[in-house]
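Engineer: Handing you a structure now.
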Amino acid sequence: MTVAATQEPARLSPGPRGWLSEGPALIPGLITVALLLVWAVHDGGYDSDTWYWGALVMLGLLTAVVISRGARWARLPRAGRIALLAFALYVGWSYLSISWAGSPGDALQGSNRALLYLILFATMSVLPWTARAAVIALLSFVVGVGVMAVVLLVRLASADQVANLVIGGRLAAPTGYFNATAALFTIGALSAIVLASRRELPGLLRGALIAFACAGLQLSVIVQSRGWLFTLPIVAIVVIVLARDRLRVAVAAVIPAAATIAPIHRLLHVYQTGKSGAALDHASTLAGHSALLLCGLAFVAATLIAWGESLLPETQPNAARRRGGEAVAILLAVAAVGIGGTAVTQGDPFGFISRQWNGFSHPQKASTGSHFTDVGSGRYDFWRVALDAFLAHPIGGLGQDNFDSYYMPRRRTSEEPAWTHSLEFRLLAHTGIVGFLLFGAFVVAAIAAALRGRRRSGFAGAVAGAAMVPFVVWLIHGSVDWFWEFPALSGPALGFLAVAGALGRAAPAGAEAGAEARTYAEAPTYSEAPWPPSAAEAPTTSGTRGPSRARTRPAARPAVRTATWLTGGLALVAAAVVLGFPYLSVREVSVASDLARSDPTQALSDLTRAAKLNPLSPDPGRLGGTIALTAQQNATAESRFEQAIKRDPGGWYAWLGAGLAASAQGQKAAARHDYEVASSINRLEPVIKQALARVDTAHPLSPVTALQLIALSG
C-alpha cells in the first residue's frame, strides 16, 4: 500500500493552531489574490495607472516576505531557481532594449510591466506553501471570478445597463476586451471544475464551484471569441491530462458543459439583436434568466452528488482501471468539445473551420448570425509584420512594446494594433531571439517545477495540477491573442504556476528521514509536515553507527550573506525607483486628463511635472499638445508635440498635431513637412490626407475640426 492511500484528506478548517502555521504563505498569498481580483474588475488591470500601483504593492509584499523569511526564502528546487533566474534575465534584457527602442518610453513601460510579473512570480515562489494554503488561495481566486460571473448574469437578466456590458452584441465586461473576458471566465470555470472533483472539499463548496463553472462558460459563449473557440479543445484536453484524477474531472465537467449547451441559442441570440436598444435588453434578459436557472440547478445537483459521494468509502483504483478511466476522460472531453463546437458553429464545424482559415489568410468582413461564424481577422497581417520585425532585428527585436510604430507604415489592414496578438510573436518582435530564448527557458523550468509538484502524492499533487490551469489557458489562448498586457490574466497564470512549483519542494528532512528507498511520488505530501521542521522532528545521528546519511548544506560565509543581502536590497531599491517615478508621472497625466476641459492651464502644469518625472514618456507631450490645441494655444501646442516627437519619432499623432499647430500659426512649410511625415507613418489616416490637401489653401484644416474628426473615427 502506498503512503498516499493511508493519508487522511486535507481539511480546510485546521483549527487555530493550524491557521497560524499557514499564515506565512496564506496571508501574502491572499493579498496577491485580492489584487488580482481588483485588477479583474478594473478593465483587467490594463491601464497603466491601475497596474503601476499594484506593482508597488507587490514590491512591498515581496520585500516583507524576504525579510520575514530570512535565508529560508532561497530554499527553492533547482527548476524553480532556474525559472527565477531566466525570468530575471529576461526582464533585464527588456530594460536593456530601451537603448535601441524607437520609443524608449514605451520600452520602459513594457519593461516595468514585465518587472511586475517577475515580482509576482517571485513572491508566490518563495512562500512556504502547503497544500491547504495553496488550495485556499486558489479557491479564493476562483470564487472571486465566479461571483463576478454570477453578478454579470444577474445584470443581464435584469437589463441593468446592458449597453455598458455588451458592445456590438458581445460581452466586454469586466476586462473591456472581449477575448480577455472569455479567457478570464474560462480560467475560473476550468479551475472550478478541477477543484470540484476533489472529495476533500465540502459538498456545498463543490456544488458552488460547479455553479460558478456554469456561469463562466455561459458568459464565455456570450463573449463569442473565435480565439477562445479554436483553443478551447486544446485547453480542455491539456487540463484533463494534467489533472490527477482525470475521469473525476471529466465527469465533473459534464454538468457545466450541459448547462452551457442547453441554452446555447439564447446565449448566441444576444449578438444577433444588434448593438443596443430594447431588442438587446430583451435578448440579454432571456439569456440571463436561462443561465441563472441552470446555474441554480447545477448547484443543487452537484451538491447532492458530492454529499452522496461522501457517504461512500474511497477506494484506490488499480493501474488498469486508472488507465481505462483516463482514456474515458479524454474521450468525454473530446466528445464535449465536439458537441459544443457543433452547437456554436450552427451544426457545420468543418465548414466553419474552412471559412475561418480563408478569412484569416485573406482578411474580409462578412457578417452572419453569430460572431463565431463570421470571417475576417487582422491577425494574419499582424503576425506577418511581427515576423518581418524579427527578421529585420533578430537579436534584440524592436524594443519592448515598440510594435505599433513598426506596424503602422507596413500594414495592409485598417486596424492600428499596439500588440502582436500572440505571445510568441510578441517575444520575437519585441525582444528578439535572446528574449524569446530567455523567456522560453523560464517557461520550461517553471513547468518542470510545477510538474514536480503535480507528481506529489495525495491532495498536494492534485492542488498543484489545479494551480497549473490558469497558465494553460493563458499560454494556449494567448498564443493567438494579446493577454500579456492584462495583469488580471498574466498574474494568476504566472502566480499559480509558481504555487504549483513551490508545492514541488522536497519534503522537510524530518518527514523524509530514512525514506530514501521510496519513490518521490510515494513520499508524504509537503503539507503534512510542519515547515521548517521542529527540533524534535529533525533527524539526529546520536546513537547511530557511522556518519549520517542526511546531507546538510554548509552555512554561508558572513561575507557572502552580507553581499547577498546588499545585492537584494539594492535590487529592491532600484525596482522601487524604476516603478515609482513612472507611476507618479502616470498619475499626473491622469489628473491632467480629468482637468483638460475645466482647467487647461493647471492641466498643462501637471503635464510639465509628468514629463520631468518620466523623461522618456511621450504621453505628457501628446496630451499637452492636444489640450493646448483645444485651448487655441498654438505655440504651446507645437512645443508640446515636439517634445513628444523627440521621445517617440514613430508616433504619427504627434507629427499631425505639430503640423496643425504650425498651420494655425501660418507656418505652411513646417506644417506640410509635419503632415508628410505623419502620412509616411500612417498613410491610411483620412485626417492626415485632408490636412495635406488643404495646407496651402486659404482654408486649411483647423485644429479643432481635426481633433473632432479623429475622435469620431477613433
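Engineer: Using the Karplus equation 6.51 cos²θ - 1.76 cosθ + 1.60 (θ = phi - 60°), what ³J(HN,Hα) coupling, rounded to whole Hz, does each residue of segment 673-678 give in order, writing x for Gly and Pro?
Structural biologist: With the stated coefficients, segment 673-678 comes to 4, 5, 5, 5, 5, 4 Hz.
Engineer: Starting from the 7 Å offset along Cα-to-Cβ, what nm value, one decimal, do you get for the label separation of Y380 and L584?
Structural biologist: 5.0 nm
Engineer: Okay, next question. At R0 = 60 Å, how high is the FRET efficiency between T567 and H265 if r is their beta carbon distance? Nearest 0.05 is fine. Mind showing how you got there, number by number?
Structural biologist: On the way: r = 61 Å, r/R0 = 1.01.
Once rounded, the FRET efficiency stands at 0.50.
Engineer: Also, quick follow-up: Can you list residues whose amide H is under 5 Å from I167's amide H, if they're 5+ apart or on another chain and H is modeled 1.01 Å from N?
Structural biologist: So I167 has HN proximity to A172.
Engineer: Roughly how compact is segment 134-310, stated as its Cα Rg over 2.2 N^0.38 Å to two decimals?
Structural biologist: So the Cα radius of gyration is 0.99 times the expected 2.2 N^0.38 Å.
Engineer: Calculated FRET efficiency, R69 and R199, Cβ-Cβ r, R0 25 Å, to nearest 0.05?
Structural biologist: The calculated FRET efficiency here is 0.15.
Engineer: Next up: Each label point is 7 Å from the Cα along the Cα-to-Cβ direction; what then is the distance between the points at L437 and A576, in nm?
Structural biologist: Result for the modelled spin labels: 3.6 nm.
Engineer: Turning to a different aspect of this structure: Under a plain spin-label model, where a point goes 7 Å from the Cα along Cα-to-Cβ, how far apart in nm are Q632 and Q602?
Structural biologist: Calculated label separation equals 2.3 nm.
Engineer: PRE reach from L297 (point 7 Å along Cα→Cβ): which of segment 248-280 fall under 15 Å by backbone N?
Structural biologist: From segment 248-280, the list is 254-267.
Engineer: Read phi for every residue in segment 475-492 and hand back ³J(HN,Hα) as whole Hz from Karplus 6.51 cos²θ - 1.76 cosθ + 1.60, θ = phi - 60°, with x for Gly and Pro.
Structural biologist: In residue order, the calculated couplings are 6, 6, 5, x, 6, 10, 7, 10, 10, 4, 6, 10, x, 5, 9, 5, x, x Hz.
Engineer: Next question, about the same structure. Grab the beta carbon distance between R609 and V154, set R0 = 45 Å, and tell me the FRET efficiency rounded to 0.05. Write out the running numbers ahead of the final one.
Structural biologist: On the way: r = 43 Å, r/R0 = 0.96.
The formula returns an efficiency of 0.55 here.
Engineer: Across every pair of different alpha-carbon atoms, what Kirkwood hydrodynamic radius in Å does segment 231-291 reach?
Structural biologist: Working: mean 1/r = 0.0736 Å⁻¹.
Here the Kirkwood hydrodynamic radius works out to 13.6 Å.
Every number here is computed from the coordinates shown, using simple stated rules; none is lab data. It should be emphasised that the depicted structure is a prediction, and the values quoted were computed from it without experimental measurement. Neighbour counts run over all protein chains shown; Cβ positions are idealised from the backbone, glycine included.
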